[in-house]
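Remarks on the structure that follows.
The values are calculated or read from the model by the stated rules, or taken from the named source; none is laboratory data. All of these numbers come straight from a predicted model, not from anything done at the bench. All Cβ positions, glycine included, derive from the backbone under ideal geometry; neighbour counts span all protein chains shown. Heavy atoms of the whole protein, side chains included, go into the accessibility calculation; ligands, DNA and RNA do not. Shrake-Rupley method; radii C 1.70, N 1.55, O 1.52, S 1.80 Å.
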Amino acid sequence: MADPRVTIVGATGAVGTVALEVLAQRGFPMSRLRLTASRRSVGRELAFAGENIPVEDTTPEVFDESDIAFISATDEISRDMAIAARERGCVTIDDSGVWRMDPEVPLVVPEINADDVDGHKGILSIPNCSTTPLAMVLDALRSEAGIERVVASTYQSVTGTGSAALVELEEQTRSVLEGGEAAAEQYPHQIAFNLLPHIGSLRENGYYSEEAKMLNETRKILHEPDLPVSTTCVRVPVRVSHSEAVHVAFDRPVGVARARELLAAYPGIVVVDDPANAAYPMPIDGADRDEVFVGRIREDTALENGLALWLVCDNLRKGAATNAVQIAEEIVKRGAWLR
Ligand SMILES: NC(=O)c1ccc[n+]([C@@H]2O[C@H](COP(=O)([O-])OP(=O)(O)OC[C@H]3O[C@@H](n4cnc5c(N)ncnc54)[C@H](OP(=O)(O)O)[C@@H]3O)[C@@H](O)[C@H]2O)c1
């Protein structure tokens, strides 16, 4: 059987470029790789495994000769192109928020719910980049005790917004240091030397949409539809890697030592927890890594049977491209891309 033909839509973007790296690093089996982006990028070439691949326009016809598509572009492109791909027999793994809560779309973190890939109807989705590491940590711990509630605060890097936001952070930083203005386009306020408790659009209940995503997606991935999850999502002037302070109440005591053991044994989680020697996960160490790093594990003084911890995860890798490629690996393993 031939290897699948793969297309990356949004190949020039923050996630798309990392997806190229991840496909090469993991040796993903492909018989052909096509790259698309907006018309602005047509004519560019991107390097992959020693070859220069031309960037094409994103049109439905691309999927006539594709078996698996990674879509990492805009919401509009995700909405239209996932349907165009499905009509042409190509399976989509989508990175946007458009499809995640559709009951017919598996929302997958392979370490947690790989079996949800079975029976897909042509579109699968990765979670939001702050949901994935939180769900993995909760999945590791719930093998010991039931989870009663979760409260998390995030510290999210600017690449979570896309490549233009990284340019904005760098330009603002330079300008402010030189005594100039900080022109803001990607965010409603200056991000350099600042932070914004605002990610996404405002909901009626006072939460922003990123916070609503963390609640809904965590419930869907863990198959715990009533799990209480409250989050405050904050954009911080960090290049790559999201961090989260997480507080979890269980239905019985777990204990710090047992929590450490469970987390360390979980695939894709690394425990870095020696606070006496200032050893804890930091975004600069999590960047360019696929693992979720967890530390500062302690009894929560405000919650009965509660634990507090800190996590760090590269939003472009496990938070996006790596998770998408892992889903594709599950699809290939299960022969679930065959027309
Ligand atoms: N960044 C993260 O940490 C992260 C994590 C999880 C999920 N996601 C999701 O991944 C997707 C991409 O995010 P990103 O951060 O990579 O954004 P980005 O850096 O802004 O990249 C956007 C990509 O979409 C392409 N694009 C824009 N308009 C297009 C159009 N009309 N037709 C075809 N392609 C178009 C761009 O091509 P040009 O270069 O030609 O403009 C570029 O390749 C989004 O849905 C986002 O929600 C992002």
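Between Tyr187, Tyr155, which is open to solvent by less than 30 Å² (accessible area, probe 1.4 Å) and either part of a loop (DSSP other than H, G, I, E, B) or of a type outside the set (A, V, I, L, M, F, W, C) (or both)? Give the derivation first.
Details: Tyr155 fails: open to solvent by less than 30 Å² (accessible area, probe 1.4 Å).
On inspection, the qualifying residue turns out to be Tyr187.
Kindly provide the set of residues from region 19-56 that are assigned to a helix (DSSP H, G or I) and in contact with an Asp or Glu (Cβ under 7 Å, 6 or more places away or on another chain), ordered by number.
Correct list: Arg39 only.
Could you tell me which of the residues Gly97, Gly89 is small (Gly, Ala, Ser), touching a residue at least 24 places away in the same chain (Cβ under 8 Å), in a loop (DSSP other than H, G, I, E, B) and away from the ligand (no atom under 16 Å from the Cβ)?
Numbers: Gly97 fails: away from the ligand (no atom under 16 Å from the Cβ).
So the residue among Gly97, Gly89 that is small (Gly, Ala, Ser), touching a residue at least 24 places away in the same chain (Cβ under 8 Å), in a loop (DSSP other than H, G, I, E, B) and away from the ligand (no atom under 16 Å from the Cβ) is Gly89.
Can you find, within region 101-131, the residue that is farthest from the ligand (Cβ to nearest atom) among those that are β-branched (Val, Ile, Thr) and in contact (Cβ under 8 Å) with a residue 40 or more places away in the chain? Spell out how you get there, then give the answer.
Pass one, region 101-131, residues β-branched (Val, Ile, Thr): 105, 108-109, 112, 117, 123, 126, 131.
Restricting the remaining residues to those that are in contact (Cβ under 8 Å) with a residue 40 or more places away in the chain gives 108-109, 112, 117, 123, 126, 131.
Values: Val108: 13, Val109: 12, Ile112: 17, Val117: 18, Ile123: 14, Ile126: 6, Thr131: 9 Å.
Applying the filter and picking the extreme gives Val117.
Please verify whether region 135-142 includes one or more residues that are open to solvent by 20 Å² or more (accessible area, probe 1.4 Å) and within 15 Å of Arg219 (Cβ to Cβ). Spell out how you get there, then give the answer.
So the first thing to find is which residues in region 135-142 are open to solvent by 20 Å² or more (accessible area, probe 1.4 Å), and the list is 139, 142.
Adding the requirement that they be within 15 Å of Arg219 (Cβ to Cβ) leaves 139, 142.
Yes, because at least one residue in region 135-142 is open to solvent by 20 Å² or more (accessible area, probe 1.4 Å) and within 15 Å of Arg219 (Cβ to Cβ).
Please find, among Val176, Val150, the residue that is of a type outside the set (Asp, Glu), assigned by TED's automatic domain parsing to the domain that holds Gly286 and not in a loop (DSSP other than H, G, I, E, B).
Just one listed residue meets the conditions, Val150.
Being out of contact with any helix residue (DSSP H, G or I) (no Cβ under 8 Å at 6 or more places or on another chain) and either among the β-branched types (Val, Ile, Thr) or buried (at least 18 other Cβ atoms within 10 Å of the Cβ) (or both) is true for just one of Val117, Val167. Which residue is that?
Val167
Is at least one residue of region 68-79 open to solvent by less than 10 Å² (accessible area, probe 1.4 Å), near the ligand (Cβ under 10 Å from one of its atoms) and of a type in the set (Ser, Thr, Tyr)?
yes
Kindly indicate whether Ala152 is closer than 19 Å to Leu309 by Cβ, within 16 Å of the ligand (Cβ to nearest atom) and in contact (Cβ under 8 Å) with a residue 60 or more places away in the chain.
Considered against the rule, which asks whether it is closer than 19 Å to Leu309 by Cβ, within 16 Å of the ligand (Cβ to nearest atom) and in contact (Cβ under 8 Å) with a residue 60 or more places away in the chain, Ala152 comes out as no.
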